[in-house]
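A.B. asks: Below you'll find the structure I mean.
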Amino acid sequence: MYDVFGKGIEHMGTPTSLATPSKKKIPLLLKIYAAALIVLSMISIPVAVILGFNLPSMTSELGTPIDTTTLVIAIVQIVLTAIGAVVSIFLGVRLLRDRRRGARVTAETLVVINIAVMACEVMLSGLHGPGLYEIVHLVFLIALLSYVDPSLSEERRLQRKLADLEVRERAEDGTLGRDETGKGYLELNFFNLFWIFVVCSVLGLIIEVIYHVLVVEPGVYQDRAGLLYGPFSPIYGVGGLLMTIALNRFHKAPLPVVFLVSAVIGGAFEYLASWFFQFAFGIMAWDYTGTFLSIDGRTNGMFMAMWGVLGCMWIKLLLPRMLKLVNAIPWKWRYGLTSVCAALMVVNIVMTLLAFDCWYQREAGLQPVNAMEEFFEDHYDNEFMANRFQSMTIDPSRATRVSPVELGQ
């Protein structure tokens, strides 16, 4: 056996037909979805134009005129919605014509656009912004990515046939998770990416707590966690993911290259994270105003350099060891265990965002309007939130939310 894509399969006695599966036609339900997507997208374009004309008359959620930042976010949301509608039409047409590879690329583009639109909606209307349809559609699009790509379908089919042989061999060799093509250091699959997120979230939190105790306020412990439960700082988890994805094919690159790429990626992500949480929830977790090479107080030269150092340590030193640690998980357990842990992490992240949203509403003087908000008020009140997220301050006036009525929600 040479690989899981069909080379050398004949020598194992596997029928050669496995390597050339027949192409299945797009199912009827998917064609109905494609037709509905085209119709709904054509309707949403004039709706986006109408919303654009109503922007100047908007007021904030607190009843004051909207500022320039809010107006810009609203414009970006409307423009992205219109672009997403056009891309959706292309996706529908490609699905109807059974152009699978083109449909996959279009679906990937649409996923990115939809995530950006939902981020804008959260900044404008909190977690009430994204509707159930948008969330379900995003999940469906992500699932669609693996279905429409014929190469992925073939790979999935062959992997099912050869799983017991291939996975067992690689697990015994300790190479499970490595990129067998040689193009990168490791496979960028869900399993590897999830555990990178978890490990970086924990390591980042430990480093930040130690830095605060030794440098920022010597001798003073401060909880720097970013989620309701567990020792996780998702800022570092996502940062580690971005650096791994960007540098996977360049893991042998010289240290200065790894340092520069890590510094830029880390600084840019730190800036965007600060920007999002301030405008969505009025939360400020850090402010570097007045420091060396400060960029709007959201990142600075020193912390970009620290991201660069962390990137070098991660790619050159820690990532290989993490892969060995993860390979210690018995291969029969690894996918089930990962699924359970991923589900718990998703619940933790969603509950954290809901807690932030309810925290914002209480500080803004808004009363709970449903059972969920009453639950968070009872179990995650202002005192709990301030104690759990000790590095964060919240001020509704810093947010960019507008009245949901004026957004047509």
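The values are calculated or read from the model by the stated rules, or taken from the named source; none is laboratory data. Given the structure is predicted, the values throughout are model-derived calculations rather than measurements. Note that we place each Cβ from the backbone using ideal geometry, even for glycine, and neighbour counts take in every protein chain shown. Areas reflect the complete protein model, heavy atoms only, side chains present, ligands, DNA and RNA absent. Shrake-Rupley method; radii C 1.70, N 1.55, O 1.52, S 1.80 Å.
A.B. asks: I need every pair where a residue in segment 368-387 that is over 23 Å from ASP223 (Cβ atoms) has its Cβ under 7 Å from the Cβ of a residue that is open to solvent by 80 Å² or more (accessible area, probe 1.4 Å) and assigned to a helix (DSSP H, G or I), sequence separation at least 6 or different chains.
C.D. replies: Correct list of pairs: PRO368/GLU374.
A.B. asks: While we're looking at this one, here's another question. Just one of (1) open to solvent by 30 Å² or more (accessible area, probe 1.4 Å); (2) of a type in the set (A, V, I, L, M, F, W, C); (3) modelled with pLDDT of 60 or more trips up ALA85, so point out which.
C.D. replies: For ALA85, the exception is condition (1).
A.B. asks: Within segment 376-395, can you find the residues that are aromatic (Phe, Trp, Tyr) and open to solvent by 30 Å² or more (accessible area, probe 1.4 Å)? Break it down stepwise before answering.
C.D. replies: Pass one, segment 376-395, residues aromatic (Phe, Trp, Tyr): 376, 380, 384, 389.
The answer is PHE384, and nothing else.
A.B. asks: How many of the residues in segment 345-366 are in a helix (DSSP H, G or I) and surrounded by fewer than 12 Cβ atoms within 10 Å (Cβ to Cβ)? Break it down into steps so the answer makes sense when it comes.
C.D. replies: Kept after step one, since they are in a helix (DSSP H, G or I), are these residues of segment 345-366: 345-363.
Imposing the further condition that a residue be surrounded by fewer than 12 Cβ atoms within 10 Å (Cβ to Cβ) reduces the set to 346.
So the answer is 1.
A.B. asks: Only residues that are loosely packed, with under 15 Cβ neighbours inside 10 Å and at positive phi: list them for segment 292-317, please.
C.D. replies: LEU293, ASP296, listed by residue number.
A.B. asks: In segment 242-265, which residues are open to solvent by 80 Å² or more (accessible area, probe 1.4 Å), without any contact (Cβ under 8 Å) to a residue 12 or more places away in the chain and assigned to a helix (DSSP H, G or I)?
C.D. replies: Result: PHE250, PRO256.
A.B. asks: Exactly one condition in (1) touching a residue at least 60 places away in the same chain (Cβ under 8 Å); (2) assigned to a helix (DSSP H, G or I) is false for VAL209; which is it?
C.D. replies: It is condition (1) that VAL209 fails.
A.B. asks: Right, next: Please specify each residue of segment 296-318 satisfying the condition of being among the β-branched types (Val, Ile, Thr) and either in contact (Cβ under 8 Å) with a residue 60 or more places away in the chain or touching a helix residue (DSSP H, G or I) at 6+ places or on another chain (Cβ under 6 Å) (or both).
C.D. replies: If the condition is that a residue be among the β-branched types (Val, Ile, Thr) and either in contact (Cβ under 8 Å) with a residue 60 or more places away in the chain or touching a helix residue (DSSP H, G or I) at 6+ places or on another chain (Cβ under 6 Å) (or both), then THR299, ILE315 are the ones that fit.
A.B. asks: Still on this model: What residue, among those in segment 105-116 that are surrounded by fewer than 21 Cβ atoms within 10 Å (Cβ to Cβ) and in contact (Cβ under 8 Å) with a residue 24 or more places away in the chain, is farthest from ILE38 (Cα to Cα)?
C.D. replies: The residue in question is ALA116.
A.B. asks: Residues to consider are PHE269, PHE292; find the one that is within 30 Å of ALA355 (Cβ to Cβ) and without any contact (Cβ under 8 Å) to a residue 60 or more places away in the chain.
C.D. replies: PHE269
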